[in-house]
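Reviewing the structure listed below.
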Amino acid sequence: MTSPTPASESHDTNAPLADLTTMRVGGSAERTLTAHTSEELASLAAALWGDDQPWLLIGGGSNTVVSDEGFPGTIVLARNTGIDAIDDAELSAGEVRVRVQAGHNWDELVAATVDRGLAGLEALSGIPGLAGAAPVQNIGAYGCELSDVLHSIEFLERGDRTPRRLSAAELELGYRDSAIKQGMEGVVLSIDLVLTDREPARGAHRAAAQGTDPDQVEAVAPVRYSQLAGALGVELGAPVPIREIRAAVLRLRASKGMVLDAVDHDTWSAGSFFTNPIVSASFASGLPENAPRFPLQAPEPAPGITSLEELAAGVPLRRPQASAAASRAERQVKLSAAWLIEHAGVPRGFRLPGSGAAISSKHTLALTNQGGATAAQVAELARFVVQRVQQEFGVVLVPEPRLYGLEV
């Protein structure tokens, strides 16, 4: 499975950020450069770091909001594309490793893997943006996250002369988080994924037994999210053809205004504007009973004994946890930011007087540009939402998009 990468040198343009981001707000940068290959992307990054001037990497612009004053430096557009199969003798039977260039459109990648019969990305259908941004945010939806399938990335870290490959473990991926997002400065050039191929031999055997064409055997994957299971009319965990999962996810996302559509202003957004808060179980117990709570896996308790070998290696002396109550206090749950917003008195379609920014009429978690909105108006609406939720529930919502020149 290979897509060509166009060979082209970087060149200057100067489009406003409103034309480069899905929120469609923001002024211009001092200049904009485009990289069509990973080599160009690495070369531009190294040169800009060397000049010690401010610059910003833009992919699909779906997770970036820039102020109306624009960006005081250089914009680099990642436009290197391509999908290639990678030989890997360490893979298990039925696994396939693919390498995707950072500038490749994410949903086009998902569509290509589903068409090829490779399972793993189907629940991430319809997410706007490019492949290089996926590990930075550890994108996720409908019970799946990139961390489920990410093998490694090709990464040029600031100060390095050549790119290196970082494993998924080195990226410390968490809920909408990664080491890159936490300050590891560099540029993602490509990502490697390990997907699951349909099992041709078993599939052909089953097809023959059923009198069907073996070439028509479809790859299946378990449904891991209750809303998606309901949309498909199956039990949670049931195996469903990945084409059907992709189609159902696209329908669900479209119903929430989360599939880009130039004529639908509810899709003029940065997707979910706030992350779902993670709080302690004890704090969550004080919220209304009908507030959704999603338990997170508790961390493994550290051993209560430190060996002599560990002490010699400099490991601090461990102390056993005082009680089971202390262990319970550390448990965390994820809340629904959408529920908190709605129940703080901010309904769908809400907008401040005279503002072009509004809460989506389809999904409370999306802040949208209803036409003519400014970045300042988007930030003003975001601050209002944060304030209302904090006043009502004592929870501080955290913006998910990257904000430049704006405060929430």
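Observations
- Shape category assigned to the stretch 1-212 from the gyration tensor of Cα positions, a/c cut at 1.5: prolate
- Dipole check for the stretch 1-212: with +1 at the C-beta of Lys and Arg, -1 at the C-beta of Asp and Glu, and the Cα centre as origin, the magnitude is about 460 Debye.
- Assigned charges on the beta-carbon of Lys, Arg, Asp, Glu; the stretch 348-408 dipole about Cα centre (debye): 180 debye
- Separation of the stretch 130-146 and the stretch 341-372, taken as the distance between their Cα centroids, equals 25 angstrom.
- Residues in the stretch 334-358 that a label on SER282 would reach, taking backbone N under 18 Å of a point 7 Å out along Cα→Cβ: 334
- Once backbone amide H atoms are built at 1.01 Å from N, GLU400 has PHE274, THR275 as its partners under 5 Å, excluding neighbours fewer than 5 places away on the same chain.
- Working from label points 7 Å from Cα in the Cα-to-Cβ sense, the ARG165 to GLN53 distance is 3.5 nm.
- Selection from VAL220, PRO239, VAL249, by position along the positive dipole direction of the stretch 213-255 (Cβ): VAL249
- From least to most packed, judged by other beta carbons within 10 angstrom and beginning with the fewest, PHE273, PHE283 follow the order PHE283, PHE273.
- Farthest toward positive dipole pole in the stretch 107-164 [+1 Lys/Arg, -1 Asp/Glu at C-beta], among ASN138, GLY159, ALA119: GLY159
- Anchor LYS334: aspartates and glutamates whose Cα lies under 20 Å away (excluding residues fewer than 8 positions away in-chain): GLU145, ASP148, GLU172, ASP177, GLU289, GLU300, GLU342, GLU392, GLU400
- Packing-based exposure ordering (other Cβ within 10 Å, fewest first) of MET184, MET258: MET184, MET258
- Rounded, prolate or oblate (a/c below 1.5 giving rounded, otherwise prolate when a/b exceeds b/c) for the stretch 213-255 by Cα gyration tensor: oblate
- Net charge dipole, the stretch 213-255: roughly 340 debye, given to the nearest 20, about the Cα centre with Cβ charges of +1 for Lys and Arg and -1 for Asp and Glu.
- HN-Hα J in Hz across the stretch 179-190 - Karplus 6.51, -1.76, 1.60, θ = phi - 60°, x for Gly and Pro: 4, 5, 5, 8, x, 6, 8, x, 10, 7, 9, 7
Values in this text are rule-based calculations from the coordinates and carry no lab data. Here the structure is a predicted model, which is why all the values come from computation and not from measurement. Glycine also receives a Cβ, built like all others from the backbone with ideal geometry; neighbour counts cover every protein chain displayed.
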